[in-house]
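Down below is the structure, laid out as structure tokens.
The values are calculated or read from the model by the stated rules, or taken from the named source; none is laboratory data. Keep in mind that this is a model prediction, so the values were computed, not measured. Using ideal geometry, Cβ is built from the backbone for each residue, glycine included, and neighbour counts are taken over all protein chains shown.
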Amino acid sequence: MKKLMMLIVLFMACNWLMSQSIVSKSAPVPGMDYRNEIQKLLQIEKQGTQNADLYNNIGICYYHLNQTGVATVYFLRALNLKSDHPDAKNNLDFVMDLSKDKALYPQRAFLVQFFFRWYDFLNINRFALLALFLLLLFALSVHWTIHYDREKELGLPVLFTLISAILLFTCTVMLFTKYNRMRHNSKAVIISSESDGYSGAGTQYNKLFSASEGLIVHIQKESGEWSLILLPNGVSGWIRKTELLRVVPK
């Protein structure tokens with residue numbers, strides 16, 4: 001009964017958020033208590049619900065509460081679960097464009113962008129279905145090769161078997177790679193207005209850079225209250241853990 005009530009609350013929250021699912025096209029709704037709404041959504045999350053729509057809606061609430069760093073984290077969490085989520089992708093692009101450090105993000109070549117679009121489109125479920133289809137195709141190719149007329153040239157069935165085997169292997173590797181990245185995502189987001197990075201785990205070391213709220217980084221390792229992060233431009237440094245929020249909580 002409790003879970004049913006939680007689902008009803010989630011459904012109602014999604015209804016009023018549907019009209020403003022893209023933060024770049026929405027203004028705060030007059031009279032809307034975003035703090036109250038976000039508490040309802042966070043309560044659902046605490047029940048163990050992992051849902052891309054839920055994370056996207058939480059991100060929208062945080063955005064309207066002027067917490068772009070935390071909003072970015074939740075858009076990334078939505079995409080971590082469902083890499084082809086259109087609203088979360090548009091929302092993430094929008095808040096990234098608002099970042100003071102947006103110049104740090106490298107520009108991808110056209111072919112690289114094309115590859116990642118297709119890679120994102122093939123979420124875990126689609127990859128799994130594709131792998132099953134290729135497994136069936138491989139099995140049929142093997143069956144065809146075994147029962148092929150021995151008096152004829154075996155080149156064609158062997159070629160089909162080889163191609164299907166290569167495609168199946170490639171798809172399986174990409175599926176497990178995507179699943180592993182989803183479970184062990186090293187991305188984090190700067191949530192403080194300004195964070196300083198040092199050459200070591202402490203303020204006694206040389207200051208290397210300053211990063212602004214909303215910047216997406218990778219955590220390389222941790223030591224005590226400090227994390228070694230990698231910026232989008234390849235520069236690394238140590239910042240306090242309290243100034244970061246992981247996409248996949250430990």
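Looking across the range 198-211, the residues that are among the hydroxyl-bearing types (Ser, Thr, Tyr) and either at pLDDT below 95 or exposed (fewer than 15 other Cβ atoms within 10 Å of the Cβ) (or both) come down to Ser199, Thr203, Tyr205, Ser210.
Taking the criterion of being touching a residue at least 40 places away in the same chain (Cβ under 8 Å), assigned to a loop (DSSP other than H, G, I, E, B) and not aliphatic (A, V, I, L, M), the only residue of the range 187-200 that qualifies is Ser192. Among the conditions (1) β-branched (Val, Ile, Thr); (2) assigned to a helix (DSSP H, G or I); (3) more than 17 Å from Ser83 (Cα to Cα), the only one that Thr177 does not satisfy is (3). Residues of the range 159-197 that are surrounded by 15 or more Cβ atoms within 10 Å (Cβ to Cβ) and over 30 Å from Thr68 (Cβ atoms): Phe160, Thr161, Ser164, Ala165, Leu167, Leu168, Cys171, Thr172, Met174, Leu175. Taking Ser227 as the residue in question, decide whether it is among the polar types (S, T, N, Q), surrounded by 14 or more Cβ atoms within 10 Å (Cβ to Cβ) and assigned to a loop (DSSP other than H, G, I, E, B). Criteria not met by Ser227. Residues of the range 102-128 that are surrounded by 15 or more Cβ atoms within 10 Å (Cβ to Cβ) and closer than 21 Å to Ile191 by Cβ: Leu104, Tyr105. Out of Leu137, Leu132, Leu168, I need the residue that is in contact with a Ser or Thr (Cβ under 9 Å, 6 or more places away or on another chain), over 30 Å from Thr242 (Cβ atoms) and at pLDDT 90 or above. Which one? That would be Leu137, the only listed residue that is in contact with a Ser or Thr (Cβ under 9 Å, 6 or more places away or on another chain), over 30 Å from Thr242 (Cβ atoms) and at pLDDT 90 or above. Among the residues making up the range 47-70, those that are in contact (Cβ under 8 Å) with a residue 60 or more places away in the chain and part of a helix (DSSP H, G or I) are Thr68, Gly69, Val70.
Scanning the range 71-118 for residues that are in contact (Cβ under 8 Å) with a residue 40 or more places away in the chain, small (Gly, Ala, Ser) and within 23 Å of Ala211 (Cα to Cα) yields Ala71, Ser99. Among the residues making up the range 68-101, those that are surrounded by 14 or more Cβ atoms within 10 Å (Cβ to Cβ) and of a type in the set (D, E, K, R) are Arg77, Lys82, Asp84, Asp87, Lys89, Lys100, Asp101. Summed over the range 201-224, residues that are touching a residue at least 24 places away in the same chain (Cβ under 8 Å), assigned to a strand (DSSP E or B) and in contact with a helix residue (DSSP H, G or I) (Cβ under 8 Å, 6 or more places away or on another chain) total 1.
Would you point out the residue of the range 25-61, among those that are of a type in the set (Gly, Ala, Ser) and modelled with pLDDT of 55 or more, that is farthest from the chain's Cα centre (by Cα)? So, considering only residues that are of a type in the set (Gly, Ala, Ser) and modelled with pLDDT of 55 or more, the one farthest from the chain's Cα centre (by Cα) is Gly31.
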